[in-house]
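Bear in mind that the values in this text are calculations on the coordinates, not laboratory data. This structure is a prediction, so every number in the text was calculated from the model and none was measured. Note: ideal-geometry Cβ built from the backbone for every residue, glycine included; neighbour counts use all protein chains shown.
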Amino acid sequence: MMSRNIWLGIVIGALAAFVADPRGGRRRRALARDQLARASRKTRDALDATARDLANRTSGMIATTRGRWTSEAADDRRLVERVRAALGRVCSHPHAIDVEATDGRVTLRGPILASEVDSVASCVAGVRGVTSVTNALEAHDSAEGIPALQGERRIAGPSLDILQRNWAPATQALVTAGLAATGICIAAYARR
């Protein structure tokens with residue numbers, strides 16, 4: 001016990017001498033102050049981004065839930081935008097597809113890779129407000145010779161954050177909180 005207090009006193013004394021040194025102490029204090037200010041600013045920015053992300057996700061979930069419970073028909077322009085937004089997640093060249101909507105009936109035209117036709121049709125059929133899908137797409141086995149299908153494109157991928165490579169701030173916060181809670185529960189269980 002006594003030796004631990006002696007070592008603690010030595011460490012505190014060395015730190016005090018390091019910071020209060022007349023030659024380099026002022027520089028060290030300024031560096032420490034700047035690092036503390038930067039850490040504070042970065043933490044504030046991260047908390048702000050997380051709060052905005054959570055607020056946006058919450059309002060989006062509320063709007064989605066409200067939309068599922070109402071039978072209100074969407075106008076044609078809005079329906080086209082919903083379909084175009086959904087195409088980016090299942091098609092490698094969504095800009096090549098023309099979308100037309102009339103009273104909930106959607107018509108798809110344009111060149112597409114044959115491997116993507118089924119996923120595009122099922123995705124569009126699942127968009128809220130779509131009553132039927134007319135598939136007038138030109139399926140091609142390869143992009144060779146079709147200008148609209150040129151260029152290396154990739155499909156956007158899953159929309160669940162947990163399955164993506166880069167997580168949103170809200171997802172990071174929720175996963176971190178879940179891991180911390182799990183660790184606390186395991187530690188409490190181990191103490192029993």
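Miscellaneous remarks
- Tilt relative to the chain, helix 169-191 - C-alpha long axis, 0 to 90 degrees, to 10: 50
- For Leu113, the amide hydrogen comes within under 5 Å of the amide hydrogens of His140, counting only partners 5 or more places away or on other chains and with H modelled in the peptide plane.
- For the chain, calculated [θ]222 nm from helices alone, where every DSSP H run of n ≥ 4 adds -39500 (n - 2.57): -19500 deg cm²/dmol
- Neighbours of Glu100 by Cβ distance under 13 Å: Lys/Arg scored +1, Asp/Glu scored -1, total 0.
- Here the peptides 60-73, 130-143 are ranked by packing, the mean other Cβ count within 10 Å, and the order with the highest first is 130-143, 60-73.
- Karplus 3J(HN,Hα) series, Hz, for the range 41-49 with 6.51 cos²θ - 1.76 cosθ + 1.60 (x for Gly, Pro): 5, 5, 5, 4, 5, 5, 5, 5, 5
- The residues packed around Arg109, meaning those with a beta-carbon under 9 Å from its beta-carbon, carry a net charge of -3 if Lys and Arg are +1 and Asp and Glu are -1.
- Reported label for calculated Cα extents along the principal axes in Å given [x] 84, 46, 32; [y] 50, 36, 25; [z] 58, 35, 27: [x]
- Judged by the gyration tensor of its Cα atoms, with axes a ≥ b ≥ c, the range 87-166 is oblate; a/c meets the 1.5 cut and b/c is at least as large as a/b.
- Normalised contact order of the chain, rounded percent, pairs of Cα under 8 Å and 6 or more residues apart: 18
- Sequence ranges 74-86, 173-185, ranked by mean other-Cβ count within 10 angstrom, highest first: 74-86, 173-185
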